[in-house]
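I have a structure here, written as structure tokens, and I will follow up with some questions on it.
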Amino acid sequence: MSATKLTAARDYEKKYGSQITPEERPLFHVTPMVGWVNDPNGFSVYQGEYHLFFQYYPYDINWGPMHWGHVKSKDLVKWEHLPASLAPDEEYDKDGVFSGSAVETPDGRHLLMYTGVVGKDPLDCRQTQCMACGDGLHYKKYENNPVITAKQLPEGGSAIDFRDPKIWWDKEEQCYLSVVGNRLADGSGAVLLFSSSDGFAWKYVSTLDAGRNQLGKMWECPDFFELNGKALILISAQEMRAQGLKFHNGNDVFCLVGNYNRKDHRFTREEVLAVDYGLDFYAPQTVETPDGRRVMIAWMQAWESSRFHPEGAKWAGMFTIPRELSFVNGQLIQNPVREFLQYHVEPVLYQNMKIEGRTKLPGISGRVLDMTVEIRPDEAELFENLTIHIAENEEYVSSIVYDPREHTLCFDRTDSGFRYNIVSVRKAPVRDRQGKIRIRIILDRFSAEVFINDGEQVMSSCLYTPQEADGISFEAKGIAWIDVEKYTLTDSPKGAS
Ligand code: FRU
């Protein structure tokens, strides 16, 4: 094995990563040490700490031959950069170490499972599944890689589009299981299940579900877990057609909801849900925390706009805030991990503020904050809409518009200063609460994540507006009443010395 490529990447990121000042990054959203990131990989708990790897090309702010970058955290909020962990340096992965996942073995090793790519042409390459093993810092690829090849595919399965294994240790079956994305003979996606007793020798078990050309084309980055009595499969699908307000980002994410029969390893689909209604959300991956929560993180970017960068960018791509998931009344509920509350300082509270026209509230401004706005109608008449303007100055503004009659929340970054307005407006359907809504907005310099009605819908979007544009104002057409609870976010948690 040649370690030259990995050493080169580590030297490069050390040298150039240190030239990026903390102010040029978000405060707590993970960014690469330098260069480009896409999918989160290997989101796992290892020796009591959270580890996150990611698709990484340190040498440019555009996608290139994929490496794995690496960060770790004690609380899912503050992350520490670690040296790159994998480089495309073997015959079977020389054109890319693509997405994958990680698990801790009973004997204390950190096992990584990823896709090795050979061939630069996406229409004519070979993708196989490979393993690497390490100690939380250094990883060694398995000497008998690849561990799953096209030979193990079911009839019609593509050897070109066969990627992104998500591994876990299945307590009930007492073996490793892994779901892998594939494309079948009809040209559209499927999610395949494989099993292994030792994590190295794998066999095909079943095809959990397939798109049959109804849900995009290739199914990437599958994840599979049980939550509140249901079986959920997360899929990031290429070439997704829009459906009403859902799936307007080109490649987009959905959640298949159904039941899983362990005896014959069959999944019966009941529903397809959108996961995030924002402009930037792809390739989510989950981990189960030691206290039993299912936490999801995603690339906060859409492929379609990822080639365009703000001027002078030294890094490209970041991850959402990790979110706790639950499945309640047919909905996938997402909220920022509770650890996040430790980073709240300087509360500013307003109650029963009458909004008529455009209003600013003293103390309510900033680009690194967590703010919840409760909106209520006036007794006399339902307002037409209520807008929260953010990242605002004379030149720029982004807007969050609640329409209580249409039951939608709209996120609009048309005037955020981004030079490439590809899709810049998205709408989410919201529950009819007769003009009431609760909107939690998390701003972290280069992004806005909007959690609606305690996580019933979420909208995640990058915001490249210059940081000087830090105004916030409220504007009603009609009369609305609001409560505001705003916290500045700090990077040292409460209780830390
Ligand atoms: C999804 C994806 C994966 C692949 C990776 C390559 O965004 O296309 O399917 O493994 O990115 O970087």
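Name the residues of segment 224-240 whose amide N is less than 19 Å from a point 7 angstrom out from the Cα of W169 along the C-beta direction?
Hits in segment 224-240 for W169 at 19 Å: 224-226.
In nm, give the distance between the simple-model label positions of R126 and E379, each being 7 Å from the Cα along the Cα-to-Cβ direction.
7.6 nm
Compute the long axis of helix 4-17 from its Cα atoms, compare it with the longest principal axis of the Cα atoms of the chain, and write down the angle in degrees, 0 to 90, nearest 10.
Computed tilt is about 20 degrees.
How big is the charge dipole of the chain about its Cα centre, in debye rounded to the nearest 20, if each Lys and Arg gets +1 on its Cβ and each Asp and Glu gets -1 on its Cβ?
500 debye
Counting only other residues whose beta carbon sits under 9 Å from that of Q47, what net charge do I get with K and R as +1, D and E as -1?
Here the charged neighbours net out to -3.
Note down the Stokes-Einstein diffusion coefficient of segment 302-451 in µm²/s, whole number, using a Kirkwood radius over alpha carbon pairs, 10 °C, and 1.306 mPa s.
Value of D from the Cα-based Kirkwood radius: 91 µm²/s.
Then there is this: Would you calculate the separation in nanometres between label points at N144 and K14, each defined as 7 Å from the Cα along the Cα-to-beta-carbon direction?
Placing both labels 7 Å beyond Cα along the Cβ direction yields 3.5 nm.
For segment 412-455, which trypsin sites (Lys or Arg not before Pro) are both in a DSSP coil and crowded by at most 11 other Cβ atoms within 10 Å?
R419
Hey, another quick one. Can you give the log10 of the normalised intensity I(q)/I(0) at q = 0.10 Å⁻¹, computed with Debye over equal Cα scatterers of segment 4-295?
Result of the Debye calculation: -0.50.
May I pose another question? Can you compute the FRET efficiency between L273 and D186 using 1/(1 + (r/R0)^6), with r the Cβ-Cβ distance and R0 = 25 Å? Round to the nearest 0.05.
Values: r = 23 Å, r/R0 = 0.93.
That pair, L273 with D186, gives E of 0.60.
So, one more: Rounded to the nearest 0.05, what FRET efficiency do Q434 and Q467 give with R0 = 35 Å and r taken as the Cβ-Cβ distance? Could you check? Don't skip to the answer; put the middle values down first.
Values: r = 38 Å, r/R0 = 1.08.
Using R0 = 35 Å, I get an efficiency of 0.40.
When the chain is fully extended, how far beyond the present Cα-Cα distance does Q47 get from Q331, taking 0.36 nm per residue of separation?
Gain on extension, Q47 to Q331, equals 99.0 nm.
Right, another one. Would you calculate the volume per residue, in Å³, of the smallest convex hull containing every Cα atom of the chain? Each step should come with its number before you reach the end.
Values: hull volume 70.2 nm³, N = 497.
Taking only Cα atoms, the chain has a hull volume of 141 Å³ per residue.
Can you pull a Stokes-Einstein diffusion coefficient for segment 82-144 at 25 °C (0.890 mPa s), Rh from Kirkwood over Cα pairs, as a whole number of µm²/s?
201 µm²/s
Percent of alpha carbon pairs in segment 109-184 separated by more than 17 Å? Present the calculation step by step, with values, prior to reporting the outcome.
Details: 1430 of 2850 pairs.
Counting pairs separated by more than 17 Å, the tail of P(r) holds 50 percent.
Readers should treat all values here as calculations from the given coordinates under stated rules, not as data from a laboratory. Only a predicted model underlies this, so the values are computations on that prediction, with no experimental measurement involved. Every residue, glycine among them, receives a Cβ derived from its backbone with ideal geometry; neighbour counts consider all protein chains shown.
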